[in-house]
Every structure is written in structure tokens, then in C-alpha cells.
Amino acid sequence: ALRADLRLYCWGVNGSGRLGDNSTTDRRAPVLVSGITPAIRKVAPGGSHTCAVTVGGDVWCWGDNTAGQLANGTTTGRSLVPTRVSGVTDAVDIASGSAHTCIVRSGGSVSCWGRNDAGQLGTGNTTPRVVPTALSSLSAIVEIAASGTANRTCARDADGTVWCWGEGSFGSIGDGSAETRLSPVQVLEGAESLAVGWRHTCARMSDGGLRCWGNNQLGQLGDGSTEHRTSPTRVVPPSD
């Protein structure tokens with residue numbers, strides 16, 4: 001939780017140090033994440049790590065590092081307190097997946113690091129990255145989205161075009177297939193915001209509507225069915 005004074009508090013399971021309070025003690029009440037300067041703009045919890053971007057554009061990460069989540073050039077150890085990602089001073093948005101993180105930089109470019117077994121870094125291969133790696137195929141990006149349980153990433157550009165990449169089971173990429181995509185593919189146009197779940201994604205559209213796609217076993221796509229959707233599908237508006 002990010003407070004109005006831009007201080008960060010975390011709680012819950014802490015086996016990898018993902019709460020950033022210099023311990024591995026599970027917390028049932030919020031504890032302050034200390035050591036990050038200056039104030040925090042946004043926090044991105046991953047599966048067993050956490051990252052945050054400050055108002056000045058720095059990125060800090062803590063927790064597990066077995067997949068290079070800390071972007072410190074290694075896949076060893078862990079950090080119980082926030083550590084600054086070297087070489088990044090211009091981040092404006094951030095999102096973390098199960099074991100990877102992506103940022104939007106001030107010029108609209110995207111850089112990612114961490115696990116890449118499903119192409120969730122968007123680099124065109126499945127090679128993991130232990131330092132921030134730029135995605136040359138994207139530009140003018142204003143929003144990045146992932147989920148702490150997902151091996152998939154989506155981004156929205158300034159024109160409202162949505163791009164997704166990574167694990168594609170159940171149609172979770174949204175390009176009409178159930179294929180894994182190692183590089184960003186265009187999904188739809190006219191979006192204003194994104195939310196990524198485990199194997200489904202939703203977008204709020206400029207017309208005020210919602211479009212969702214992917215796994216629908218529990219009706220999470222909101223289209224009145226439990227049928228998986230490989231392309232963006234309109235959410236049925238609630239009745240008054």
C-alpha cells in the first residue's frame with residue numbers, strides 16, 4: 001500500500017524477503033519498507049519479489065533473485081531490503097510478473113528483466129535477463145501491465161494500441177490464438193487502461209466499455225459464459 005505521503009507499507013508472506021523489512025518474518029499487519037529514496041511513485045509486487053519506481057525515475061527491487069529479478073547481473077541470493085537497479089533513472093511505470101519485471105522509460109521505450117521461459121520479456125527468445133534489456137519493437141508506450149502470477153506482459157501506447165507477449169494458453173495473449181509469443185503482438189486499439197490476471201487480461205476502452213480475453217473457466221471475462229476467448233470480447237454491462 002502506498003500512502004499519501006508516498007511511503008510504502010507491505011504485509012503477508014515474507015519467505016524470500018519480498019516485504020522489504022530486512023527480515024523473512026511473515027507479517028499480519030503493514031510494515032514500513034525503508035531505505036528507498038526519494039518518494040515512491042508506484043509499486044509492482046511479483047511472485048516472490050517486489051519492485052518500485054520512485055518519483056525521480058529510479059527503480060528499486062527486493063526479495064528473490066533466482067531468476068535475476070533484482071537486475072543486479074546475477075541469479076544468486078536474495079535481498080531483504082530494497083536495492084537500486086543500476087543504470088535506470090528515467091522509469092515512469094512498472095509491472096512485475098511471477099518472476100520478471102518490465103518498466104516504461106520516459107521516452108516511451110520498454111525494458112524488462114528476469115525469467116523468460118515463456119517469452120514474457122518480449123525479447124524474441126527465451127533467454128533470461130539479469131539486467132534491464134530494451135525491447136526495440138515498442139515505442140511511445142505509456143502503460144505496462146503484468147500480474148504476480150503471470151508469465152505474460154501487456155503494454156499500451158499513446159494511441160491506445162495494446163500489445164501483449166509471453167505465455168498464451170487459453171488465448172491469454174489475445175491475438176486470436178493460444179500460442180506463446182516471444183515478441184509483442186498487437187491485440188486491439190482504443191484502450192485507456194489495462195489489467196493483467198493469471199491467464200486473462202482486460203482493457204478499459206475509450207468508449208467506456210470493457211474488453212477481456214483468455215481463460216474464462218470461472219467467468220472472469222464477464223461475457224455471460226465460461227468459454228475461453230482468444231480475442232478481446234465485450235464485457236456484458238450490468239443490468240440496473
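Computed over the chain with a Gaussian network model linking Cα atoms closer than 10 Å, the most mobile of ASP58, ASP93, ASP159 is ASP159. For segment 36-138, would you read off the P(r) tail past 17 Å as a percentage of all alpha carbon pairs? That fraction is 43 percent.
Give the separation of the Cα centroids, segment 1-70 to segment 72-99, in Å. Here the answer is 10 Å between Cα centres.
Using C-alpha pairs under 8 Å with a sequence gap of at least 6, the mean separation divided by the residue count of segment 1-117 gives a relative contact order of 21 percent.
Pairs of Cα atoms nearer than 8 Å and 6+ residues apart set the relative contact order; for the chain it is 12 percent.
Shape summary of segment 40-89, radius of gyration then Dmax from alpha carbon positions: 10.1, 29 Å. Each Lys and Arg Cβ is given +1 and each Asp and Glu Cβ -1; about its Cα centre, the chain then shows a dipole of about 620 debye. The reciprocal of the average 1/r between distinct C-alpha atoms defines the Kirkwood hydrodynamic radius, which for the chain equals 17.9 Å.
On a per residue basis, the convex hull of the C-alpha atoms belonging to segment 149-240 measures out at 83 Å³.
Heavy atoms of the protein chains alone define the surface here; on that basis segment 167-240 has 52 Å² accessible area per residue at 1.4 Å probe size.
Relative contact order (percent) for segment 89-150, with alpha-carbon contacts under 8 angstrom and 6 or more residues of separation? Can you show the working numbers first?
Working: 132 pairs, mean separation 22.8, N = 62.
Relative contact order of segment 89-150: 37 percent.
Applying 1/(1 + (r/R0)^6) with R0 = 22 Å to the Cβ-Cβ distance of LEU2 and ASP26 gives a FRET efficiency near 0.55.
The values are calculated or read from the model by the stated rules, or taken from the named source; none is laboratory data. Keep in mind that what you see is a predicted model, and the values were worked out from it rather than measured. All Cβ positions, glycine included, derive from the backbone under ideal geometry; neighbour counts span all protein chains shown. Ligands, DNA and RNA are stripped out before the accessible areas are found, and what is left, the full protein with its side chains, is counted by its heavy atoms. Shrake-Rupley method; radii C 1.70, N 1.55, O 1.52, S 1.80 Å.
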